Amino acid sequence: MNLLYKVVLADDHIPILDYLTSSIPWESLGLTLVAACADGEEALEACELHRPNILLTDIGMPIMDGIELLEKVRASNPQLKTIILSCHEDFHYAQKAVKLHVSEYVLKESLQIEHLIELLQTLVSQMNEERTAKQDVRKLQAVVQQNSSVIRSTFLRTLLEQPVLNAAEWAEKAASFGIHLKDGSCYLPVLALPERIADVESRFGGAHLVQFVLDNTLNESISTEGCVNLSLDERHAILLFPFPRTLKRNIHEEIRTALHQAQQAFHHYMRIDISLYIGELCDDLPSLKKQIQALLDAKLFRFYAGEKRIGPVVPMVPTDDDLFVHYSEAVQDFRTCIQSSNEEDLQAAMTKWFGLFRTKHYPVDTVRSWMVNLVMELELKYIVMQHFVSNFKAELLHQTIYAIVTLDHLQEWTHQFLLDKRAAVQALSHHTVRKEIADAKRYILLHLGERTSMEEMAGRLNLNPSHFSRLFKKETGETFVEFVTRSKMERARELLDTSDASIEQIAEQLGFEHTSYFIKLFRGFTQLSPSEYRRRM
């Protein structure tokens, strides 16, 4: 739907004001009359309030005449279109109107409503053309900016991936992007990192748009003269601040102020939090390349430093301590948290284990792997405790945890995971399941390595096989064989995701006598062979 252009009408002669208000088909012309005013002062207030596209005004009005009104309004709204109505034929009025770029000058004595409508139609056509031209310019600017961003990204990736053999050639390339490393000039590199990038990508509709937002917002929020923005991708951008050697200015403090303002702009306008890591001064391309790479490689510091930081990277040495020594104790602590309704127990467990991470500085992937295993262990224990088959996906949990890049975020995610499990346990405590079906499910989940037929299970429960089959289908919505197969296939996916066991070993662990039959069932369950499933990661 096209937007209507706004019109303010001003005339101290009330009959004319009423006549024009009612006789002009405003909406059919693409216009909306936002104010009809009886004097110049009232019209000025209306113009300041509504910022109209067209002002249709008499000249000879009390308090403030039309010429004075037009001078004041044009000072703040230079694009305003105007039509002057006048009873005067004096030349000096026409001269003033021309100087103020009045669109039309109409004498009331010869005024015909059809003529005025034609004038308004002409102005609407002009404004439509101007609006289209502005949109075209904005689109072109966006394309140019996007292409420029791609070119700068390519330059940065090439610099990081290739050796700097021909210094003069590289210096020439750098200069084309505004990076002038000569005559003692220095640059201070800063790495910009958006927080919670998966959430940001989901909100903005993909990585490509996130990179555009990151690049554009950095350009808008960093006003430091000579600063160069090189976006590597949607997760990383490099800012190069020129660093003149002078004792008269505190350049470090000026850069920190600029970074703080950028951080606030991202949060306020885009609802994105970012961290900004400051490197060391560089006076040539090899040292600049080395510094940028060091900032990008500081994953351990990134993980433990926390979110929304501004400052230098502090060297961290990972511990040699074996985190998995504490695994069984952690499982028990978190299992207790799920079963307990005491918030203090949950807070104590979170403080204990995440405090251990922060104290020891375990390698990032070790912490992630430990957490993936722990969460899956809790899921399985929770299933057995509640006689309930969860629909959790091992692959999704693995992807979610490995996408987390800070310990703060991992702690928040784990806390919410435990709260969700606790709520589910409490909700299921009121759910009644026939004891025979609960016992059957629990037995299968605890004996996935065995081959258990429906007849054998019915015998264990002292039930007629046909009665047990009907009862299982009624209670669960699937047959006993379907449940057993699905449970084994879900366990197979977990083992493929989290262990180095061969496909033959996994098939054997799950009670399959022939590996080929296991592969056939797995392909039917996932549309991938076990080998294809493992290679997809």
Among the residues of segment 34-93, how many are aromatic (Phe, Trp, Tyr) and modelled with pLDDT of 85 or more? 0
For segment 490-537, please list each of the helices (runs of 4 or more DSSP H) lying entirely inside it that holds at least 1 residues being of a type in the set (A, V, I, L, M, F, W, C) and either within 24 Å of Leu374 (Cα to Cα) or under 35 Å from the mean Cα position of the chain (by Cα) (or both). 503-509, 515-526
Segment 312-332 residues that are closer than 16 Å to Phe357 by Cα, paired with ones that are among the β-branched types (Val, Ile, Thr) and open to solvent by 90 Å² or more (accessible area, probe 1.4 Å) (beta carbon under 9 Å, 6 or more apart): Thr319/Thr359
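Residues checked against (1) more than 30 Å from Ala349 (Cα to Cα); (2) β-branched (Val, Ile, Thr); (3) modelled with pLDDT of 90 or more; (4) not in a helix (DSSP H, G or I):
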position: Arg249; (1), (2), (3), (4): yes, no, no, yes
position: His252; (1), (2), (3), (4): yes, no, no, no
position: Arg256; (1), (2), (3), (4): yes, no, yes, no
position: Tyr277; (1), (2), (3), (4): yes, no, yes, yes
position: Glu280; (1), (2), (3), (4): yes, no, yes, yes
position: Gln291; (1), (2), (3), (4): yes, no, yes, no
position: Leu300; (1), (2), (3), (4): no, no, yes, no
position: Pro318; (1), (2), (3), (4): no, no, yes, yes
position: Val331; (1), (2), (3), (4): no, yes, no, no
Ser231 passes all but one of the listed conditions (1) closer than 18 Å to Ala174 by Cβ; (2) of a type outside the set (Phe, Trp, Tyr); (3) at pLDDT 90 or above; the exception is number (3)
If I ask for residues that are under 16 Å from Ser86 (Cα atoms), open to solvent by 20 Å² or more (accessible area, probe 1.4 Å) and assigned to a helix (DSSP H, G or I), which ones from segment 1-34 would you list? Ile14, Pro15, Ile16, Tyr19
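Residue-wise test of (1) in a helix (DSSP H, G or I); (2) touching a Leu at 6+ places or on another chain (Cβ under 7 Å); (3) open to solvent by less than 50 Å² (accessible area, probe 1.4 Å).
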{"position": "Ser202", "(1), (2), (3)": "yes, no, no"}
{"position": "Val210", "(1), (2), (3)": "yes, no, yes"}
{"position": "Asn219", "(1), (2), (3)": "yes, no, no"}
{"position": "Gly226", "(1), (2), (3)": "no, no, yes"}
{"position": "Ser231", "(1), (2), (3)": "no, yes, yes"}
{"position": "Phe241", "(1), (2), (3)": "no, yes, yes"}
{"position": "Pro244", "(1), (2), (3)": "no, no, no"}
{"position": "Gln263", "(1), (2), (3)": "yes, yes, yes"}
{"position": "His267", "(1), (2), (3)": "yes, no, no"}
Members of segment 442-494 that are surrounded by fewer than 16 Cβ atoms within 10 Å (Cβ to Cβ) and among the acidic types (Asp, Glu): Glu450, Glu455, Glu456, Glu475, Glu478, Glu482
Considering only segment 302-315, state which residues are more than 21 Å from His252 (Cα to Cα), in a loop (DSSP other than H, G, I, E, B) and open to solvent by 20 Å² or more (accessible area, probe 1.4 Å). Glu307
Going by the conditions given, is Ser487 among the hydroxyl-bearing types (Ser, Thr, Tyr) and over 21 Å from Leu380 (Cβ atoms)? no
Answer yes or no: is there a residue in segment 498-521 that is in contact (Cβ under 8 Å) with a residue 60 or more places away in the chain, open to solvent by 90 Å² or more (accessible area, probe 1.4 Å), under 18 Å from Glu377 (Cα atoms) and among the hydrophobic types (A, V, I, L, M, F, W, C). no
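The values are calculated or read from the model by the stated rules, or taken from the named source; none is laboratory data. Since we're looking at a predicted model, the values are computed, not measured. Backbone-built Cβ (ideal geometry, glycine too); neighbour counts: all protein chains shown. Heavy atoms of the whole protein, side chains included, go into the accessibility calculation; ligands, DNA and RNA do not. Shrake-Rupley method; radii C 1.70, N 1.55, O 1.52, S 1.80 Å.
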